[in-house]
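Student: Got a structure for you, written out below as structure tokens; questions coming shortly.
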Amino acid sequence: MDQSLPLVVIAMEAEAAPVRKKLNLTGEGNPLAEGISARLWSNESVHVVINGSDARFGVDAIGTLPASLTTLLAIEKTNPKIVISAGTCGGFTARDGFIGEIILANRCVFHDRRIPLKGFMNYGVGDFHVADLDEIAERLGFRMGTVSTGDSLDSQPSDLDFMNSVTTVAKDMEAAAVAWVSALKEVPFTALKVTTDLVDGEITTEDEFVTNLQYASNRLSEGILSLVHELKDFRTE
Ligand code: ADE
């Protein structure tokens, strides 16, 4: 297996379809393990893996649990030079976010793991190492900022307080789980997110998400194509 390719980890099929199209990844993809719905596509420049759909509920297996399992299996299969958690996110009007904005992580945390026990606070937040891609982000015109992960689409007041305290610009449901596994496997990590909805805006998250999912996923495909191209010379830090 080529050791020098990026691995892109995506949760939803609707997010992944335009990305695969842009990267010329065709076919059904390959399963990663028996009983696991994740599927992997590879070509000469990139690997893309998706979580697949939940066998019981028949919906995309979104959230941190499937993300960590998929990432572990895909890293073991592909031995990538970098892992990219890619997908859609909630943005913030308070920080000038807008629908379709492309964000590259320079920090990655959990926002809903409140564990006020000695020693467990930092474990809960995670604050995972993120590859230094500032120059690439500047060249591509991507915003850099904190990507913050939780297992809910909505935002409870305590989550919002925490996200404000770390200046979150992208709220998602997978990145920190992907970062945790990447760290375990000692593979560099980043996250590329595109805004579908504004967490502090007027419209309900679920309505805004559905309205903008296709547009944001198209933007994601453009962002991923550019990032993969820029990462051609990326070497392990
Ligand atoms: N993905 C897209 N929008 C999101 C939001 N508001 N929260 C979590 N994940 C998201």
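The values are calculated or read from the model by the stated rules, or taken from the named source; none is laboratory data. Here the structure is a predicted model, which means the values were calculated and not measured. Don't worry about glycine lacking a Cβ; one is built from the backbone with ideal geometry, like all the others, and counts go over all protein chains shown. Remember, those area values only see protein heavy atoms, side chains included, never the ligands or the DNA or RNA. Shrake-Rupley method; radii C 1.70, N 1.55, O 1.52, S 1.80 Å.
Student: Assuming a ≥ b ≥ c are the square roots of the Cα gyration tensor eigenvalues, decide whether the chain counts as rounded (a/c under 1.5), prolate (otherwise, with a/b larger than b/c) or oblate.
Tutor: Values: a/c = 1.31, a/b = 1.27, b/c = 1.04.
Rounded is the answer for the chain, as its axis ratio a/c remains below 1.5.
Student: Further question on the same structure: How far, in nm, would the chain grow between residue 65 and residue 26 when pulled straight, counting 0.36 nm per residue and subtracting the alpha carbon separation?
Tutor: Details: separation 39, 0.36 × 39 = 14.04 nm, distance 2.67 nm.
Result: 11.4 nm gained on full extension.
Student: If you don't mind, another one. Which helices of the chain meet both criteria: a Cα extent of 24 Å or more along the helical axis and a mean Kyte-Doolittle score no lower than -0.5, with helices taken as whole DSSP H segments?
Tutor: Span-like helices in the chain: 205-230.
Student: Sticking with this structure for a sec: Mind giving me the FRET efficiency for residue 154 and residue 14? R0 is 22 Å, r the Cβ-Cβ distance, nearest 0.05 is fine. Mind showing how you got there, number by number?
Tutor: Numbers: r = 20 Å, r/R0 = 0.89.
In this case the efficiency is close to 0.65.
Student: Let me ask you something else. Put a dot 7 Å past each Cα toward the Cβ at residue 207 and residue 93; how far apart are the dots in nm?
Tutor: 1.3
Student: Let me ask something additional. By per-residue mean of other Cβ atoms within 10 Å, what is the highest-first order of 188-194, 120-126?
Tutor: Values: 188-194: 27.3, 120-126: 14.1.
Those peptides, ordered most packed to least, come out 188-194, 120-126.
Student: Quick one: how many lysine pairs in the chain have C-alpha atoms under 27 angstrom apart, if they're 8 or more apart or on different chains?
Tutor: 24
Student: Please give the length that would be gained between residue 121 and residue 76 if that part of the chain were fully extended, namely 0.36 nm times their separation in residues minus their C-alpha to C-alpha distance (nm, one decimal). Display every interim value, and only then the final one.
Tutor: Values: separation 45, 0.36 × 45 = 16.20 nm, distance 2.99 nm.
This chain segment gains 13.2 nm when fully extended.
Student: Right, next: Which FRET efficiency, nearest 0.05, do residue 43 and residue 183 yield, Cβ-Cβ r, R0 22 Å? Don't jump to the answer; show the numbers that get you there.
Tutor: Numbers: r = 27 Å, r/R0 = 1.21.
Using R0 = 22 Å, I get an efficiency of 0.25.
Student: Counting only heavy atoms of the protein chains, get the accessible area per residue of the chain (1.4 Å probe) and round it to a whole Å² value. Working shown, then result.
Tutor: On the way: 11320 Å² over 237 residues.
With the other protein chains kept in place, the chain gives 48 Å² per residue.
Student: With the full set of protein chains in place, find how many percent of the accessible area of the chain is carbon and sulfur; take the probe as 1.4 Å. Intermediate values should be presented prior to the final figure.
Tutor: On the way: 5860 of 11320 Å².
Carbon-and-sulfur percentage of accessible area, whole number: 52.
Student: Still on this structure: In deg cm²/dmol and to the nearest 500, what is the mean residue ellipticity at 222 nm of the chain if only DSSP H runs of at least 4 residues count, each as -39500 (n - 2.57), divided by the residue total?
Tutor: Details: 7 runs with 82 residues, N = 237.
It comes out at -10500 deg cm²/dmol, rounded to the nearest 500.
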